[in-house]
1. Would it be correct to say that GLN99 is under 30 Å from TYR142 (Cβ atoms) and in a helix (DSSP H, G or I)?
2. Examine region 169-181 for a residue that is at pLDDT below 95, surrounded by fewer than 17 Cβ atoms within 10 Å (Cβ to Cβ), more than 12 Å from the chain's Cα centre (by Cα) and not hydrophobic (A, V, I, L, M, F, W, C), and state whether such a residue exists.
3. Restrict the check to region 131-142 and report whether at least one residue is part of a helix (DSSP H, G or I) and crowded, with 17+ Cβ neighbours inside 10 Å.
4. Does THR151 meet the test of being surrounded by fewer than 17 Cβ atoms within 10 Å (Cβ to Cβ), touching a helix residue (DSSP H, G or I) at 6+ places or on another chain (Cβ under 7 Å) and modelled with pLDDT of 90 or more?
5. Looking only at residues in region 46-92 that are among the basic types (Lys, Arg) and in a loop (DSSP other than H, G, I, E, B), which one is modelled with the highest pLDDT?
6. Which residues, counting only those in region 162-215, are assigned to a loop (DSSP other than H, G, I, E, B) and of a type in the set (Val, Ile, Thr)?
Amino acid sequence: MTCGPWYGCSARADWPHPLTALPRSHTMSASSLFIALNLVWGGYELLLSRRRRAGDGGAHDQGTLKYLWRVLSAAVAVAVMLAYSGLAHWPQGWAGSLQWTGCALIGSGLALRVWAIQVLARWFTVDVTIQPDHQLVRRGPYRWLRHPSYTGALLAFYGLALGMGNALSVMAIVVPVTWVFLHRIRIEEAALQRAFPVAYPAYAKQSRRLLPLVW
């Protein structure tokens, strides 16, 4: 597996034992879609990495972009090694269904992430920043969620984890990836509250961070 900025990943077709036990046509169709989605995701993240960074040298970011990179890269690398370790593979009857579920999560997560970033338009940067003419965006998915692009990224990562066919791989991705995004959200929200001391708390009361109606 290869990973591109920030955290796009493409997968090899020779998945571990659980998938090889499935009927060939079922396995190949699920694997082909899984690989294609990861390639699209990786390509999109590569393009995003070329987007401009903050003009303030990342003063608001507090190093979270580099930290995010490192944690995500390490999590995916460990998950891949565990997937090929021969340990804790899904039961044979689950593998195909879980990989299809993984495809659905990656596809829906990527769609949400693309939508959110398109709505932000020029206010999107790869690191946490407050631009001179910064505005709070409350349209599109931001009507319900304050960080919909992160929701999309998390869905895609969870789909990647499920598609690896290994319970330990799921843990290796879900735990650190969730934690590092929550850390970045904390830094980002602190910056927004400083920039919009009245508007942002009001917006926060009308929306959720990652999950509609929940949190």
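1. no
2. No, region 169-181 contains no residue that is at pLDDT below 95, surrounded by fewer than 17 Cβ atoms within 10 Å (Cβ to Cβ), more than 12 Å from the chain's Cα centre (by Cα) and not hydrophobic (A, V, I, L, M, F, W, C).
3. Yes, region 131-142 contains at least one residue that is part of a helix (DSSP H, G or I) and crowded, with 17+ Cβ neighbours inside 10 Å.
4. No; evaluated as a whole, the condition is false for this residue.
5. ARG50
6. Selection gives VAL198, VAL214.
Residues are listed down the side, and each one gets a yes or a no for (1) farther than 29 Å from GLY96 by Cα; (2) among the polar types (S, T, N, Q); (3) in contact (Cβ under 8 Å) with a residue 12 or more places away in the chain:
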residue	(1), (2), (3)
GLY152	no, no, yes
GLY163	no, no, yes
ASN166	no, yes, yes
ILE173	no, no, yes
PRO176	no, no, yes
GLU188	yes, no, yes
ALA195	yes, no, yes
ALA202	yes, no, no
SER207	yes, yes, yes
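Table: residues versus (1) modelled with pLDDT of 90 or more; (2) closer than 25 Å to LEU105 by Cβ; (3) surrounded by 15 or more Cβ atoms within 10 Å (Cβ to Cβ).
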position	(1), (2), (3)
PHE157	yes, yes, yes
LEU160	yes, yes, yes
ASN166	no, yes, yes
PRO201	yes, no, no
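The values are calculated or read from the model by the stated rules, or taken from the named source; none is laboratory data. Keep in mind the model is a prediction, meaning the values are calculated, not measured. As a convention, Cβ positions derive from the backbone with ideal geometry for all residues, glycine included, and neighbour counts pool all protein chains shown.
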